[in-house]
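Report on the structure given below.
Derivation of every value follows stated rules applied to the coordinates shown; laboratory data play no part. Worth saying up front: this structure is predicted, and the values here are computed from it rather than measured. Backbone-built Cβ (ideal geometry, glycine too); neighbour counts: all protein chains shown.
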């Protein structure tokens with residue numbers, strides 16, 4: 001049986017005396033797109049830096065194309081790394097930037113122009129090839145950032161929050177780039193806080209909490225399991241819940257869905273219909289303005305995966321999976 005393109009086996013990572021990743025097992029096949037989701041501090045960026053070969057695991061093993069990316073140049077050459085920060089030369093043109101990154105990636109001079117043209121086409125940025133990067137919009141710069149990672153024609157592309165801070169048109173253009181990469185058979189590992197983006201792009205998802213993978217699998221299968229039960233409830237509150245009203249919501253299986261505390265979603269779906277649930281919550285002092293019923297989506301999986309539950313650390317002490325670490 002052929003090995004997956006990426007394999008993390010029982011991986012641990014310690015940074016500055018703190019365990020950042022613990023007992024992580026994760027595979028990624030060629031041509032797959034895997035989305036990493038989790039709260040800030042869960043270990044997503046550290047995991048991606050391990051796969052990119054920027055960090056060495058403290059325990060376990062990381063393999064890309066069968067080799068250790070921290071030690072083996074052939075493994076690193078199979079990887080395109082797109083950090084969240086724009087890492088380009090603003091005074092150089094787009095083509096000049098790509099030429100520099102091609103040289104850094106080891107593309108020989110005779111092949112460099114062809115590699116630049118291929119990256120421009122894949123990122124759909126040939127129209128700005130002769131423009132200095134510093135005059136481009138944020139969305140174009142992000143696409144150039146992706147193109148720079150493609151100069152060595154990688155089998156795996158790692159992206160950390162690739163659409164952070166861009167408008168809807170730029171976001172759609174970036175998604176188009178990733179669609180073309182998938183169609184070409186490139187594996188993609190993407191860290192994102194955007195549920196709609198993950199649902200749009202990913203075939204598989206992995207949820208991280210406190211440095212551990214608390215749930216992973218095919219997105220379609222995980223959603224199908226959720227949708228065999230009752231539909232999800234989403235509450236709109238007239239004012240933020242406080243004190244006893246918040247306690248009532250949490251006992252009923254609801255968690256805040258966004259900053260401000262006006263939207264709550266269920267992670268345990270009750271047998272009550274919408275009208276009965278509305279009446280029961282209002283009778284207990286919850287300022288519910290509206291209840292909406294919908295099929296569970298990726299956000300529901302995320303909230304359920306990260307709900308407080310007992311984990312144990314290597315010494316046997318309890319950890320809370322719902323806390324950011």
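Structure above, values below:
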item: Highest to lowest packing among 24-33, 275-284, 122-131, 185-194, scored as the average C-beta count within 10 Å; result: 185-194, 24-33, 122-131, 275-284
item: FRET efficiency, 1/(1 + (r/R0)^6) with R0 30 Å, evaluated for residue 68 and residue 218 via beta carbons; result: 0.65
item: Alpha carbon centroid spacing (whole Å) that separates segment 58-113 from segment 23-44; result: 20
item: Viscosity 1.567 mPa s, temperature 4 °C, Stokes-Einstein D of segment 50-194 from Kirkwood C-alpha radius, µm²/s; result: 84
item: Extension gain from residue 126 to residue 289, taking 0.36 nm per residue of separation minus the Cα-Cα distance; result: 53.6 nm
item: Stretchable slack from residue 244 to residue 180, in nm (0.36 nm times residue separation minus alpha-carbon distance); result: 18.0 nm
item: The chain: angle of helix 168-183 to the longest principal axis, Cα-based, in degrees nearest 10; result: 70
item: Reduced Cα scattering model of segment 132-248, Debye log10 I(q)/I(0), q = 0.13, 0.18, 0.21 Å⁻¹; result: -0.71, -1.06, -1.23
item: Among 22, 14, 160, residue whose mean-square fluctuation peaks in a GNM of the chain (springs only between Cα atoms under 10 Å); result: 14
item: Whole-number percent relative contact order across segment 1-74, with pairs defined as alpha carbons under 8 Å at least 6 apart; result: 37
item: Residues 232, 96 arranged by fewest to most Cβ contacts within 10 Å; result: 96, 232
item: Computed over the chain: relative contact order in percent, which uses C-alpha pairs under 8 Å that are six or more apart; result: 19
item: Fewest-first ranking of 264, 81, using other Cβ atoms within 10 Å as the exposure measure; result: 81, 264
item: Within segment 2-27, backbone nitrogen closer than 19 Å to the virtual label 7 Å beyond the Cα of residue 40 toward Cβ; result: 20-21
item: Helix 274-283 vs. the chain, principal-axis angle (Cα, 0 to 90°, nearest 10); result: 70
item: Listed values (i) 161; (ii) 140; (iii) 172, entry calculated as volume of the Cα convex hull per residue in Å³; result: (i)
item: Degrees between helix 109-123 axis and first principal axis of the chain (Cα, 0 to 90, nearest 10); result: 30
